[in-house]
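Laboratory data are not the source of any read-out in this text; all were calculated from the coordinates shown. These numbers were taken from a predicted model, which means no experiment stands behind them. Please note: Cβ atoms are built from the backbone with ideal geometry, for glycine as well, and neighbour counts cover all protein chains shown.
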Amino acid sequence: MSEGKNVVVGRMDGKVVLVAGAGSSGPGWGNGKAAAVLYAREGARVLAADRSLKAADETRDIIRGEGGTCEAFAADVSRSADCAAMVAACVAAYGRLDVLHNNVGIAETGGPVEASEESWNRVIAVNQTSVFLTCKHALPVLLGGGGGAIVNIASVAAIRWIGFPYLAYSASKAAIVAMTQNMAVQYAPDRIRVNCVLPGLMDTPMIREPLTANYGGDVETMIATRNAQVPTGRMGDGWDTAHAALFLASDEARYITGAQLVVDGGFTLRAA
């Protein structure tokens, strides 16, 4: 895909979007980086937040280089104070908030015996608690503005085994699905829609370091193996996730809330 460019324009005109996890963990296009750029291409004013200010700055510079509007912000979204500051910075920059996009996530492998307690706590804090905290601070702003949308990035690991022990990651992503459903019902009367995207096997910078060991330590073997697991014959990429998120965030999805949009090339349809 040619860096996510499409023919539809203006789907987010007038909207302010806060993307938590808008940087990329390495060279290339991660889910959050692609989403932030795509929102901007569709007319949104974006706050690109990331734990790494350098990564957030890179996303900001891409958006501005294309003529879009973006501010960068450094935040560790596993910390309540950082989430509060992040939302406040968005309101200070643009005067409002219309869409919260939660993309932050880390992957650490291991079952209950192999994984350390430190690993478990770290994954839950970064992947799951962060969604609780960003929503805690963003929802009052969305309510004050008369509504909006939240898009949470979960994973197909929330609903099935993906080939190796992934306990903390799977548990955290399953929690995001449940949190999405809970918030969708609670805030539906307030015109706030809450949905989640469940990416399948994706070829993004995030998979290179933490997952290679599960495929014998060779990146090319990992890529070939994961491609072969997908019925379409290839992994997805950050743009596939971004386009799904864009739809759920846009007014085109105005009657959709509490949804789990699986983006996996048919991976979860296979019995083995």
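What the table below lists for this structure:
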read-out: Filter result for A93 (surrounded by fewer than 22 Cβ atoms within 10 Å (Cβ to Cβ), farther than 21 Å from V123 by Cβ and without any contact (Cβ under 8 Å) to a residue 60 or more places away in the chain); value: yes
read-out: Options V77, V87; residue that is part of a loop (DSSP other than H, G, I, E, B) and not charged (D, E, K, R); value: V77
read-out: For A20: the one exception among (1) in contact with a Pro (Cβ under 8 Å, 6 or more places away or on another chain); (2) among the small types (G, A, S); (3) crowded, with 19+ Cβ neighbours inside 10 Å; value: (1)
read-out: Within segment 45-73, tally of residues that are among the hydrophobic types (A, V, I, L, M, F, W, C) and under 23 Å from M202 (Cβ atoms); value: 7
read-out: Pairs, first without any contact (Cβ under 8 Å) to a residue 24 or more places away in the chain in segment 227-256, second among the β-branched types (V, I, T), C-beta under 8 Å, six or more apart; value: none
read-out: The lone exception for V87 - which of (1) aliphatic (A, V, I, L, M); (2) surrounded by fewer than 17 Cβ atoms within 10 Å (Cβ to Cβ); (3) touching a helix residue (DSSP H, G or I) at 6+ places or on another chain (Cβ under 8 Å) it fails; value: (2)
read-out: Selection count, segment 100-149, where residues are in a strand (DSSP E or B), under 17 Å from the mean Cα position of the chain (by Cα) and within 23 Å of S25 (Cα to Cα); value: 3
